[in-house]
There are 2 protein chains.
Amino acid sequence: MSDMIGLIRVFTTENQSIIEEHGNVISRLYGLPVMSKCIPDQPLGIFNDETEQIAIPKIVELGKQMEKDGCKLLLISCAADPAIEQLRKNVSIPVVGAGSAAALTALALGEPVGVMGITECIPAVMENLLGDSLVQYIRPEDVTNTTDLLTQAGRDKALEAARSLLSQGTKVIVFACTGFSTIGFADVLRKELRVPVIDAVEAEGLYASNFYKQLEAEPASF
Amino acid sequence: MSDMIGLIRVFTTENQSIIEEHGNVISRLYGLPVMSKCIPDQPLGIFNDETEQIAIPKIVELGKQMEKDGCKLLLISCAADPAIEQLRKNVSIPVVGAGSAAALTALALGEPVGVMGITECIPAVMENLLGDSLVQYIRPEDVTNTTDLLTQAGRDKALEAARSLLSQGTKVIVFACTGFSTIGFADVLRKELRVPVIDAVEAEGLYASNFYKQLEAEPASF
(Lines give C-alpha, C1' and ligand atoms only; values in the text may rest on other atoms or scores of the structure.)
Protein backbone atom coordinates (compact mmCIF):
# COMPACT_ATOMS: atom_id res chain seq x y z
CA MET A 1 0.00 0.00 0.00
CA SER A 2 2.94 2.34 0.42
CA ASP A 3 3.96 4.87 -2.22
CA MET A 4 0.51 4.74 -3.78
CA ILE A 5 -2.03 7.38 -4.61
CA GLY A 6 -4.93 7.14 -2.18
CA LEU A 7 -8.32 7.75 -3.80
CA ILE A 8 -11.33 8.52 -1.62
CA ARG A 9 -14.83 7.61 -2.81
CA VAL A 10 -17.39 9.66 -0.91
CA PHE A 11 -20.10 7.05 -0.60
CA THR A 12 -20.31 3.55 0.82
CA THR A 13 -20.34 0.22 -0.97
CA GLU A 14 -19.10 -3.28 -0.31
CA ASN A 15 -18.52 -3.80 -4.03
CA GLN A 16 -14.77 -3.54 -4.53
CA SER A 17 -15.01 -3.20 -8.32
CA ILE A 18 -17.29 -0.17 -7.94
CA ILE A 19 -14.92 1.35 -5.38
CA GLU A 20 -12.07 0.97 -7.85
CA GLU A 21 -13.81 2.43 -10.93
CA HIS A 22 -12.17 5.87 -10.72
CA GLY A 23 -8.79 4.46 -9.76
CA ASN A 24 -8.90 2.16 -12.77
CA VAL A 25 -9.51 5.10 -15.12
CA ILE A 26 -6.50 6.91 -13.62
CA SER A 27 -4.23 3.85 -13.70
CA ARG A 28 -5.16 3.18 -17.31
CA LEU A 29 -4.65 6.77 -18.49
CA TYR A 30 -1.55 7.73 -16.52
CA GLY A 31 0.02 4.45 -15.40
CA LEU A 32 -0.26 5.39 -11.73
CA PRO A 33 -0.65 3.03 -8.74
CA VAL A 34 -3.96 3.89 -7.06
CA MET A 35 -5.48 2.47 -3.89
CA SER A 36 -9.20 3.29 -3.56
CA LYS A 37 -11.30 3.29 -0.40
CA CYS A 38 -14.79 4.50 0.44
CA ILE A 39 -16.14 6.29 3.51
CA PRO A 40 -18.32 4.26 5.92
CA ASP A 41 -22.07 4.28 6.51
CA GLN A 42 -23.14 6.56 3.69
CA PRO A 43 -24.54 4.38 0.89
CA LEU A 44 -26.27 7.34 -0.77
CA GLY A 45 -23.15 9.49 -0.67
CA ILE A 46 -23.43 13.27 -0.58
CA PHE A 47 -26.58 14.78 -2.04
CA ASN A 48 -27.19 17.92 0.06
CA ASP A 49 -25.55 20.15 2.69
CA GLU A 50 -26.49 17.89 5.59
CA THR A 51 -25.00 14.76 4.04
CA GLU A 52 -21.89 16.74 3.11
CA GLN A 53 -21.45 17.83 6.73
CA ILE A 54 -21.82 14.25 7.88
CA ALA A 55 -19.25 13.08 5.35
CA ILE A 56 -16.54 15.65 6.16
CA PRO A 57 -15.07 14.02 9.29
CA LYS A 58 -15.22 10.61 7.60
CA ILE A 59 -13.23 11.90 4.63
CA VAL A 60 -10.67 13.47 6.95
CA GLU A 61 -10.30 10.26 8.96
CA LEU A 62 -9.97 8.10 5.85
CA GLY A 63 -7.39 10.45 4.36
CA LYS A 64 -5.35 10.47 7.57
CA GLN A 65 -5.43 6.68 7.66
CA MET A 66 -4.32 6.45 4.03
CA GLU A 67 -1.37 8.74 4.78
CA LYS A 68 -0.45 6.48 7.73
CA ASP A 69 -0.70 3.50 5.38
CA GLY A 70 1.96 5.10 3.19
CA CYS A 71 0.00 6.90 0.47
CA LYS A 72 1.98 9.76 -1.07
CA LEU A 73 -0.89 11.80 -2.50
CA LEU A 74 -4.64 11.86 -1.90
CA LEU A 75 -7.54 12.33 -4.29
CA ILE A 76 -11.01 13.32 -3.13
CA SER A 77 -12.84 11.83 -6.05
CA CYS A 78 -15.99 13.95 -6.05
CA ALA A 79 -16.72 17.08 -8.06
CA ALA A 80 -17.76 19.03 -4.96
CA ASP A 81 -14.28 18.64 -3.38
CA PRO A 82 -15.93 17.80 -0.03
CA ALA A 83 -13.70 18.25 3.03
CA ILE A 84 -10.74 19.30 0.92
CA GLU A 85 -9.62 22.18 3.12
CA GLN A 86 -10.07 20.18 6.29
CA LEU A 87 -8.14 17.24 4.90
CA ARG A 88 -5.28 19.44 3.68
CA LYS A 89 -4.94 20.77 7.25
CA ASN A 90 -4.78 17.24 8.64
CA VAL A 91 -2.22 15.55 6.38
CA SER A 92 1.26 16.44 5.15
CA ILE A 93 0.83 15.00 1.66
CA PRO A 94 -0.80 16.76 -1.31
CA VAL A 95 -4.56 16.56 -1.71
CA VAL A 96 -6.23 17.05 -5.10
CA GLY A 97 -10.00 17.30 -5.60
CA ALA A 98 -11.88 16.24 -8.72
CA GLY A 99 -13.97 19.41 -8.87
CA SER A 100 -11.14 21.92 -8.65
CA ALA A 101 -9.01 19.77 -10.97
CA ALA A 102 -11.73 19.78 -13.64
CA ALA A 103 -12.35 23.53 -13.40
CA LEU A 104 -8.63 24.40 -13.49
CA THR A 105 -8.02 22.16 -16.50
CA ALA A 106 -10.82 23.90 -18.37
CA LEU A 107 -9.34 27.32 -17.54
CA ALA A 108 -6.10 26.37 -19.28
CA LEU A 109 -8.01 26.44 -22.57
CA GLY A 110 -9.22 29.99 -22.02
CA GLU A 111 -12.53 29.31 -23.76
CA PRO A 112 -16.15 29.70 -22.57
CA VAL A 113 -17.03 26.80 -20.29
CA GLY A 114 -20.29 24.89 -19.90
CA VAL A 115 -20.69 22.62 -16.90
CA MET A 116 -22.93 19.56 -16.69
CA GLY A 117 -23.86 17.79 -13.48
CA ILE A 118 -26.65 15.97 -11.68
CA THR A 119 -27.18 18.35 -8.77
CA GLU A 120 -29.47 21.36 -8.84
CA CYS A 121 -26.57 23.80 -8.63
CA ILE A 122 -22.99 23.72 -9.81
CA PRO A 123 -20.56 22.82 -6.98
CA ALA A 124 -19.38 26.05 -5.30
CA VAL A 125 -15.71 25.20 -5.78
CA MET A 126 -16.18 24.96 -9.54
CA GLU A 127 -18.29 28.10 -9.80
CA ASN A 128 -15.72 30.09 -7.83
CA LEU A 129 -12.77 28.91 -9.88
CA LEU A 130 -14.44 29.30 -13.27
CA GLY A 131 -15.62 32.85 -12.60
CA ASP A 132 -16.36 34.72 -15.81
CA SER A 133 -15.38 31.72 -17.95
CA LEU A 134 -18.57 29.93 -16.90
CA VAL A 135 -21.32 30.30 -19.50
CA GLN A 136 -23.90 27.95 -18.09
CA TYR A 137 -24.52 25.04 -15.73
CA ILE A 138 -27.00 22.39 -16.76
CA ARG A 139 -28.52 19.25 -15.28
CA PRO A 140 -29.87 16.76 -17.82
CA GLU A 141 -33.65 16.49 -17.60
CA ASP A 142 -34.87 13.84 -15.16
CA VAL A 143 -31.33 12.97 -14.11
CA THR A 144 -30.91 13.43 -10.39
CA ASN A 145 -28.55 10.64 -9.40
CA THR A 146 -25.74 8.71 -11.01
CA THR A 147 -27.84 5.59 -11.60
CA ASP A 148 -30.08 7.62 -13.93
CA LEU A 149 -27.02 7.89 -16.19
CA LEU A 150 -26.90 4.12 -16.55
CA THR A 151 -30.13 4.06 -18.61
CA GLN A 152 -30.40 4.86 -22.31
CA ALA A 153 -32.98 7.54 -21.50
CA GLY A 154 -30.53 9.15 -19.07
CA ARG A 155 -27.73 9.17 -21.61
CA ASP A 156 -30.01 10.63 -24.27
CA LYS A 157 -30.96 13.44 -21.89
CA ALA A 158 -27.31 14.04 -21.08
CA LEU A 159 -26.43 14.29 -24.77
CA GLU A 160 -29.32 16.70 -25.23
CA ALA A 161 -28.02 18.79 -22.32
CA ALA A 162 -24.56 18.91 -23.89
CA ARG A 163 -26.05 20.13 -27.18
CA SER A 164 -27.90 22.81 -25.27
CA LEU A 165 -24.64 23.98 -23.66
CA LEU A 166 -23.02 24.28 -27.07
CA SER A 167 -25.95 26.27 -28.44
CA GLN A 168 -25.36 28.80 -25.62
CA GLY A 169 -21.78 29.45 -26.68
CA THR A 170 -19.91 26.84 -24.67
CA LYS A 171 -16.61 25.82 -26.27
CA VAL A 172 -15.54 23.26 -23.67
CA ILE A 173 -17.76 20.99 -21.57
CA VAL A 174 -16.81 20.17 -17.99
CA PHE A 175 -18.39 17.39 -15.94
CA ALA A 176 -19.41 18.32 -12.41
CA CYS A 177 -20.20 14.72 -11.49
CA THR A 178 -17.89 11.74 -11.48
CA GLY A 179 -20.82 9.56 -12.55
CA PHE A 180 -20.15 10.70 -16.11
CA SER A 181 -16.66 9.20 -15.83
CA THR A 182 -18.02 5.85 -14.77
CA ILE A 183 -20.09 5.55 -17.95
CA GLY A 184 -17.31 6.88 -20.19
CA PHE A 185 -19.49 9.77 -21.29
CA ALA A 186 -16.60 12.10 -22.16
CA ASP A 187 -15.65 9.94 -25.14
CA VAL A 188 -19.29 9.82 -26.26
CA LEU A 189 -19.45 13.64 -26.36
CA ARG A 190 -16.02 13.97 -27.99
CA LYS A 191 -17.16 11.68 -30.79
CA GLU A 192 -20.74 12.86 -31.16
CA LEU A 193 -20.21 16.59 -30.76
CA ARG A 194 -16.49 17.01 -31.52
CA VAL A 195 -16.01 19.19 -28.51
CA PRO A 196 -13.28 19.16 -25.85
CA VAL A 197 -14.56 17.59 -22.65
CA ILE A 198 -13.00 17.81 -19.22
CA ASP A 199 -13.83 14.71 -17.23
CA ALA A 200 -13.42 15.24 -13.49
CA VAL A 201 -11.72 11.88 -12.83
CA GLU A 202 -9.37 12.28 -15.79
CA ALA A 203 -8.55 15.79 -14.54
CA GLU A 204 -7.70 14.75 -10.98
CA GLY A 205 -5.54 12.01 -12.51
CA LEU A 206 -3.75 14.55 -14.70
CA TYR A 207 -2.63 16.61 -11.71
CA ALA A 208 -1.88 13.48 -9.70
CA SER A 209 0.44 12.29 -12.47
CA ASN A 210 2.35 15.58 -12.34
CA PHE A 211 2.72 15.75 -8.56
CA TYR A 212 3.34 12.02 -8.17
CA LYS A 213 6.25 12.12 -10.63
CA GLN A 214 7.84 14.84 -8.50
CA LEU A 215 7.46 12.67 -5.42
CA GLU A 216 8.97 9.70 -7.22
CA ALA A 217 11.95 11.77 -8.32
CA GLU A 218 12.70 12.89 -4.80
CA PRO A 219 10.51 12.53 -1.71
CA ALA A 220 9.21 16.04 -1.26
CA SER A 221 7.78 17.24 2.00
CA PHE A 222 4.64 19.07 0.98
CA MET B 1 4.44 18.92 -39.72
CA SER B 2 0.78 18.02 -39.53
CA ASP B 3 -0.88 16.72 -36.36
CA MET B 4 1.86 18.20 -34.23
CA ILE B 5 1.86 20.55 -31.30
CA GLY B 6 3.14 23.95 -32.41
CA LEU B 7 5.35 25.64 -29.81
CA ILE B 8 6.06 29.37 -30.11
CA ARG B 9 9.30 30.79 -28.69
CA VAL B 10 8.91 34.54 -28.17
CA PHE B 11 12.39 35.62 -29.13
CA THR B 12 14.59 35.24 -32.17
CA THR B 13 17.50 32.91 -32.75
CA GLU B 14 19.00 31.02 -35.67
CA ASN B 15 20.11 28.25 -33.34
CA GLN B 16 17.68 25.39 -33.91
CA SER B 17 18.74 23.49 -30.79
CA ILE B 18 17.92 26.51 -28.63
CA ILE B 19 14.57 26.91 -30.38
CA GLU B 20 13.78 23.29 -29.58
CA GLU B 21 14.75 23.31 -25.89
CA HIS B 22 11.20 23.62 -24.54
CA GLY B 23 9.76 21.22 -27.08
CA ASN B 24 12.36 18.63 -26.12
CA VAL B 25 11.35 18.86 -22.45
CA ILE B 26 7.72 18.29 -23.43
CA SER B 27 8.47 15.45 -25.83
CA ARG B 28 10.61 13.71 -23.21
CA LEU B 29 8.08 14.08 -20.39
CA TYR B 30 4.85 13.40 -22.25
CA GLY B 31 5.85 11.65 -25.46
CA LEU B 32 4.27 14.36 -27.62
CA PRO B 33 5.30 15.46 -31.12
CA VAL B 34 6.28 19.13 -30.91
CA MET B 35 7.33 21.51 -33.67
CA SER B 36 9.02 24.68 -32.33
CA LYS B 37 9.40 28.02 -34.08
CA CYS B 38 10.51 31.46 -32.97
CA ILE B 39 9.18 34.90 -33.84
CA PRO B 40 11.30 37.08 -36.20
CA ASP B 41 13.50 40.09 -35.52
CA GLN B 42 13.41 40.10 -31.75
CA PRO B 43 16.69 38.59 -30.48
CA LEU B 44 16.18 40.01 -26.98
CA GLY B 45 12.62 38.72 -26.76
CA ILE B 46 10.09 40.44 -24.52
CA PHE B 47 11.46 42.42 -21.61
CA ASN B 48 9.02 45.31 -21.15
CA ASP B 49 5.61 46.55 -22.33
CA GLU B 50 6.93 48.01 -25.57
CA THR B 51 8.67 44.82 -26.67
CA GLU B 52 5.54 42.86 -25.73
CA GLN B 53 3.40 45.08 -27.95
CA ILE B 54 5.85 44.61 -30.82
CA ALA B 55 5.79 40.84 -30.35
CA ILE B 56 2.00 40.41 -30.28
CA PRO B 57 1.29 40.58 -34.03
CA LYS B 58 4.31 38.34 -34.70
CA ILE B 59 3.02 35.70 -32.29
CA VAL B 60 -0.44 35.85 -33.89
CA GLU B 61 1.02 35.50 -37.40
CA LEU B 62 3.27 32.61 -36.42
CA GLY B 63 0.40 30.82 -34.68
CA LYS B 64 -1.87 31.26 -37.70
CA GLN B 65 0.86 29.88 -39.96
CA MET B 66 1.38 26.89 -37.68
CA GLU B 67 -2.34 26.13 -37.80
CA LYS B 68 -2.19 26.31 -41.60
CA ASP B 69 0.78 23.95 -41.50
CA GLY B 70 -1.40 21.40 -39.71
CA CYS B 71 -0.62 21.91 -36.02
CA LYS B 72 -3.45 20.71 -33.78
CA LEU B 73 -2.65 22.70 -30.65
CA LEU B 74 -0.48 25.76 -29.95
CA LEU B 75 1.73 26.61 -27.00
CA ILE B 76 2.89 30.14 -26.25
CA SER B 77 6.00 29.15 -24.38
CA CYS B 78 6.50 32.23 -22.22
CA ALA B 79 5.34 32.80 -18.64
CA ALA B 80 3.69 36.12 -19.54
CA ASP B 81 1.27 34.42 -21.99
CA PRO B 82 1.92 37.21 -24.52
CA ALA B 83 -0.72 37.58 -27.25
CA ILE B 84 -2.73 34.66 -25.92
CA GLU B 85 -6.15 36.29 -26.23
CA GLN B 86 -5.38 37.68 -29.66
CA LEU B 87 -4.11 34.33 -30.90
CA ARG B 88 -7.14 32.45 -29.54
CA LYS B 89 -9.35 34.80 -31.56
CA ASN B 90 -7.37 34.12 -34.72
CA VAL B 91 -7.11 30.33 -34.77
CA SER B 92 -9.60 27.49 -34.38
CA ILE B 93 -7.26 25.18 -32.45
CA PRO B 94 -6.59 25.29 -28.68
CA VAL B 95 -3.94 27.66 -27.37
CA VAL B 96 -2.20 27.06 -24.03
CA GLY B 97 0.16 29.53 -22.37
CA ALA B 98 3.05 28.63 -20.08
CA GLY B 99 2.17 31.28 -17.50
CA SER B 100 -1.48 30.38 -17.04
CA ALA B 101 -0.61 26.67 -17.18
CA ALA B 102 1.90 27.04 -14.34
CA ALA B 103 -0.44 29.10 -12.16
CA LEU B 104 -3.39 26.74 -12.69
CA THR B 105 -1.29 23.67 -11.90
CA ALA B 106 -0.19 25.25 -8.63
CA LEU B 107 -3.81 26.03 -7.71
CA ALA B 108 -4.68 22.33 -7.91
CA LEU B 109 -2.52 21.78 -4.81
CA GLY B 110 -4.44 24.37 -2.80
CA GLU B 111 -1.32 25.45 -0.88
CA PRO B 112 0.35 28.86 -0.48
CA VAL B 113 2.30 29.70 -3.64
CA GLY B 114 5.62 31.49 -4.07
CA VAL B 115 6.57 32.64 -7.54
CA MET B 116 10.11 33.17 -8.82
CA GLY B 117 11.01 35.02 -12.00
CA ILE B 118 13.54 37.33 -13.58
CA THR B 119 11.31 40.34 -14.24
CA GLU B 120 10.65 43.10 -11.76
CA CYS B 121 7.01 42.12 -11.34
CA ILE B 122 5.13 38.86 -11.57
CA PRO B 123 3.38 38.42 -14.96
CA ALA B 124 -0.16 39.81 -14.70
CA VAL B 125 -1.75 36.59 -15.93
CA MET B 126 -0.16 34.63 -13.09
CA GLU B 127 -0.97 37.22 -10.44
CA ASN B 128 -4.61 37.32 -11.53
CA LEU B 129 -5.03 33.57 -11.54
CA LEU B 130 -3.24 32.92 -8.25
CA GLY B 131 -5.19 35.56 -6.34
CA ASP B 132 -5.12 34.93 -2.59
CA SER B 133 -2.96 31.82 -3.03
CA LEU B 134 0.02 33.99 -3.91
CA VAL B 135 2.29 34.57 -0.92
CA GLN B 136 5.19 36.34 -2.59
CA TYR B 137 6.94 37.01 -5.87
CA ILE B 138 10.71 37.12 -5.89
CA ARG B 139 13.47 37.84 -8.39
CA PRO B 140 16.86 36.35 -7.51
CA GLU B 141 19.39 39.08 -6.71
CA ASP B 142 21.34 40.33 -9.73
CA VAL B 143 19.39 38.06 -12.10
CA THR B 144 17.68 40.13 -14.79
CA ASN B 145 17.88 37.93 -17.85
CA THR B 146 17.95 34.23 -18.58
CA THR B 147 21.67 34.14 -19.33
CA ASP B 148 22.34 35.17 -15.70
CA LEU B 149 20.88 31.79 -14.77
CA LEU B 150 23.59 30.03 -16.72
CA THR B 151 26.30 31.10 -14.24
CA GLN B 152 27.00 29.45 -10.89
CA ALA B 153 26.51 32.81 -9.18
CA GLY B 154 23.08 33.13 -10.81
CA ARG B 155 22.04 29.65 -9.72
CA ASP B 156 23.23 30.29 -6.18
CA LYS B 157 21.14 33.45 -6.05
CA ALA B 158 18.14 31.57 -7.41
CA LEU B 159 18.51 28.89 -4.74
CA GLU B 160 18.76 31.63 -2.13
CA ALA B 161 15.58 33.21 -3.51
CA ALA B 162 13.77 29.88 -3.27
CA ARG B 163 14.82 29.48 0.36
CA SER B 164 13.53 32.96 1.03
CA LEU B 165 10.14 32.05 -0.48
CA LEU B 166 9.92 29.02 1.81
CA SER B 167 10.77 31.09 4.86
CA GLN B 168 7.77 33.30 4.03
CA GLY B 169 5.35 30.38 4.15
CA THR B 170 5.39 29.22 0.56
CA LYS B 171 4.51 25.53 0.17
CA VAL B 172 4.86 25.29 -3.59
CA ILE B 173 7.25 27.19 -5.84
CA VAL B 174 6.16 28.29 -9.31
CA PHE B 175 8.53 29.52 -12.01
CA ALA B 176 7.47 32.68 -13.84
CA CYS B 177 10.25 32.35 -16.39
CA THR B 178 10.91 29.54 -18.82
CA GLY B 179 14.64 30.16 -18.42
CA PHE B 180 14.46 28.05 -15.27
CA SER B 181 13.23 25.14 -17.39
CA THR B 182 16.16 25.42 -19.74
CA ILE B 183 18.64 24.93 -16.90
CA GLY B 184 16.61 22.15 -15.25
CA PHE B 185 16.27 24.20 -12.09
CA ALA B 186 13.02 22.54 -10.93
CA ASP B 187 14.84 19.29 -10.22
CA VAL B 188 17.57 21.18 -8.37
CA LEU B 189 15.00 22.73 -6.01
CA ARG B 190 13.08 19.46 -5.61
CA LYS B 191 16.26 17.74 -4.49
CA GLU B 192 17.81 20.55 -2.45
CA LEU B 193 14.70 21.86 -0.75
CA ARG B 194 12.28 18.92 -1.04
CA VAL B 195 9.49 21.19 -2.18
CA PRO B 196 7.00 20.80 -5.01
CA VAL B 197 7.98 22.96 -7.97
CA ILE B 198 5.79 23.93 -10.90
CA ASP B 199 7.92 24.47 -13.97
CA ALA B 200 6.16 26.57 -16.63
CA VAL B 201 7.27 24.42 -19.57
CA GLU B 202 6.38 21.18 -17.80
CA ALA B 203 2.99 22.70 -16.93
CA GLU B 204 2.11 23.76 -20.49
CA GLY B 205 3.15 20.27 -21.57
CA LEU B 206 0.86 18.70 -18.98
CA TYR B 207 -2.22 20.45 -20.38
CA ALA B 208 -1.06 19.87 -23.94
CA SER B 209 -0.87 16.14 -23.23
CA ASN B 210 -4.45 16.14 -21.98
CA PHE B 211 -5.94 18.16 -24.83
CA TYR B 212 -3.81 16.50 -27.50
CA LYS B 213 -4.98 13.03 -26.45
CA GLN B 214 -8.56 14.20 -26.96
CA LEU B 215 -7.71 15.44 -30.43
CA GLU B 216 -6.01 12.15 -31.25
CA ALA B 217 -9.04 10.17 -30.13
CA GLU B 218 -11.35 12.16 -32.37
CA PRO B 219 -10.64 15.40 -34.22
CA ALA B 220 -12.47 17.96 -32.14
CA SER B 221 -13.38 21.36 -33.46
CA PHE B 222 -12.38 23.70 -30.67
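Figures for the structure shown
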{"read-out": "Selection count, the range B:143-189, where residues are farther than 21 Å from B:G99 by Cβ and in contact with a Gly (Cβ under 9 Å, 6 or more places away or on another chain)", "value": "5"}
{"read-out": "Residue among B:I93, B:I138 that alone is more than 14 Å from every other protein chain (Cβ to nearest Cβ) and either at pLDDT 95 or above or under 19 Å from A:L107 (Cα atoms) (or both)", "value": "B:I138"}
{"read-out": "A:L62 vs. criteria more than 14 Å from every other protein chain (Cβ to nearest Cβ) and either touching a helix residue (DSSP H, G or I) at 6+ places or on another chain (Cβ under 8 Å) or in contact (Cβ under 8 Å) with a residue 24 or more places away in the chain (or both)", "value": "yes"}
{"read-out": "Boolean, A:S36 is closer than 30 Å to B:L74 by Cα and away from chain B (no Cβ under 14 Å)", "value": "no"}
{"read-out": "Qualifying residue in the range A:132-141 (condition: under 30 Å from B:K171 (Cα atoms) and among the acidic types (D, E))", "value": "yes"}
{"read-out": "Among residues of the range A:39-60, those that are surrounded by 10 or more Cβ atoms within 10 Å (Cβ to Cβ) and assigned to a helix (DSSP H, G or I), counted", "value": "10"}
{"read-out": "Within the range A:160-192, tally of residues that are farther than 21 Å from B:K213 by Cα, at pLDDT below 95 and part of a helix (DSSP H, G or I)", "value": "1"}
{"read-out": "Cβ-Cβ under 6 Å pairs, at least 6 apart or on other chains, the range B:179-197 side more than 12 Å from every other protein chain (Cβ to nearest Cβ), far side in a loop (DSSP other than H, G, I, E, B) and not aliphatic (A, V, I, L, M)", "value": "B:S181/B:D199"}
{"read-out": "Residue satisfying condition, being among the aliphatic types (A, V, I, L, M), crowded, with 20+ Cβ neighbours inside 10 Å and on the phi < 0 side of the Ramachandran plot, within set B:A153, B:A158", "value": "B:A158"}
{"read-out": "Qualifying positions in the range B:7-29 - more than 14 Å from the chain's Cα centre (by Cα) and either touching a residue at least 12 places away in the same chain (Cβ under 8 Å) or part of a helix (DSSP H, G or I) (or both)", "value": "B:T12, B:T13, B:Q16, B:S17, B:I18, B:S27, B:R28, B:L29"}
{"read-out": "Inter-residue pairs, beta-carbon under 6 Å, first in contact (Cβ under 8 Å) with a residue 12 or more places away in the chain and part of a strand (DSSP E or B) and in the range A:76-96, second among the charged types (D, E, K, R) and surrounded by fewer than 24 Cβ atoms within 10 Å (Cβ to Cβ), 6+ apart", "value": "A:V95/A:R88"}
{"read-out": "Selection from the range B:162-194 of residues that are hydrophobic (A, V, I, L, M, F, W, C) and surrounded by 21 or more Cβ atoms within 10 Å (Cβ to Cβ)", "value": "B:A162, B:L165, B:V172, B:I173, B:V174, B:F175, B:A176, B:C177, B:F180, B:F185, B:A186, B:L189"}
{"read-out": "Test: residue in the range B:200-218 that is more than 12 Å from every other protein chain (Cβ to nearest Cβ) and either touching a residue at least 60 places away in the same chain (Cβ under 8 Å) or exposed (fewer than 14 other Cβ atoms within 10 Å of the Cβ) (or both)", "value": "yes"}
{"read-out": "Matching residues, the range B:21-59, being within 27 Å of B:Y212 (Cα to Cα), touching a helix residue (DSSP H, G or I) at 6+ places or on another chain (Cβ under 9 Å) and of a type in the set (A, V, I, L, M, F, W, C)", "value": "B:V25, B:I26, B:L29, B:L32, B:V34, B:M35, B:C38, B:I39, B:I56, B:I59"}
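Residue-by-condition table, conditions (1) in a helix (DSSP H, G or I); (2) surrounded by fewer than 23 Cβ atoms within 10 Å (Cβ to Cβ); (3) outside the structural domain of A:T178 (by TED's automatic domain parsing):
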{"residue": "A:K64", "(1), (2), (3)": "yes, yes, yes"}
{"residue": "A:L74", "(1), (2), (3)": "no, no, yes"}
{"residue": "A:T105", "(1), (2), (3)": "yes, no, no"}
{"residue": "A:E141", "(1), (2), (3)": "no, yes, no"}
{"residue": "A:T147", "(1), (2), (3)": "yes, yes, no"}
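Table: residues versus (1) surrounded by fewer than 17 Cβ atoms within 10 Å (Cβ to Cβ); (2) at pLDDT 95 or above; (3) in a helix (DSSP H, G or I); (4) hydrophobic (A, V, I, L, M, F, W, C).
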{"residue": "B:A101", "(1), (2), (3), (4)": "no, yes, yes, yes"}
{"residue": "B:T119", "(1), (2), (3), (4)": "no, no, no, no"}
{"residue": "B:E127", "(1), (2), (3), (4)": "yes, yes, yes, no"}
{"residue": "B:L130", "(1), (2), (3), (4)": "no, yes, yes, yes"}
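The values are calculated or read from the model by the stated rules, or taken from the named source; none is laboratory data. Fair warning: this is a prediction, and the values are worked out from it, not measured in the lab. Positions of Cβ are backbone-derived with ideal geometry, glycine not excepted, and every protein chain shown enters the neighbour counts.
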